[in-house]
Amino acid sequence: MILNQLTPRIGSNKKGKRLGRGTGSGTGKTSTRGDKGAKSRSGNSIKLGFEGGQMPLYKRIPKLGFQNITNKKYKIFNLDNIEYIINMGKVKRNLINNNVLRQIGCLKKKECFKILGRGELTHKIKIWAHKFSKTASLKIQKLGGKTERL
């Protein structure tokens, strides 16, 4: 089998109707559109999902779920994640805030983040975050570090 010698199966390709080619063709004058109404005119397009004035299906079906527009979703960083970032040498002056995490590629532009207490820290560090868990702030302060909310 050679790709340039492939042809479609016999009868699978049909020529389209030639519309508007005179009354003798059988599809002249109105070009099979009928005499009157919006569908007979050019420029007519019915909105997707339109059901002739009946309430469309997408409006009849109940919507599921609820999206609270004031709810903030926080990206979570545990202390072992922070320790890993420090050990990789990506943090200068033992200072972590949203700008540092953005430069590393851990945060997007408008994301908020929360520090949780899983794992252990071995470095004295100053962290600015949107939220802290109690255990995380206690572990950071036990080493002499500081926690400040943004």
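Screening residue 134 against (1) surrounded by 10 or more Cβ atoms within 10 Å (Cβ to Cβ); (2) at pLDDT 95 or above; (3) not β-branched (Val, Ile, Thr) leaves a single unmet condition, (1).
Is it the case, given these coordinates, that residue 75 is at negative phi and modelled with pLDDT under 90? Here the answer is no, as residue 75 does not meet what is asked. In the set 16, 24, only one residue is loosely packed, with under 10 Cβ neighbours inside 10 Å and not in a loop (DSSP other than H, G, I, E, B); that residue is 24. Among the residues of the range 78-123, those identified as part of a helix (DSSP H, G or I) and more than 22 Å from residue 135 (Cβ to Cβ) are 99, 100, 102, 103, 104.
Taking the conditions exactly as written (assigned to a loop (DSSP other than H, G, I, E, B), at pLDDT 90 or above, more than 30 Å from residue 133 (Cα to Cα) and under 39 Å from the mean Cα position of the chain (by Cα)), does residue 48 satisfy them or not? It is true that residue 48 is assigned to a loop (DSSP other than H, G, I, E, B), at pLDDT 90 or above, more than 30 Å from residue 133 (Cα to Cα) and under 39 Å from the mean Cα position of the chain (by Cα).
Residue 110 fulfils the conditions (1) within 30 Å of residue 137 (Cα to Cα); (2) surrounded by 10 or more Cβ atoms within 10 Å (Cβ to Cβ) except for a single criterion, (2). Applying the condition of being in contact with a strand residue (DSSP E or B) (Cβ under 7 Å, 6 or more places away or on another chain) and among the hydrophobic types (A, V, I, L, M, F, W, C) to the range 58-78 and asking which residue is surrounded by the most Cβ atoms within 10 Å (Cβ to Cβ) yields 77.
The values are calculated or read from the model by the stated rules, or taken from the named source; none is laboratory data. Remember, predicted model here, so these are calculated numbers, not experimental data. Cβ coordinates were reconstructed from backbone atoms using ideal geometry, including for glycine residues, and neighbour counts include every protein chain displayed.
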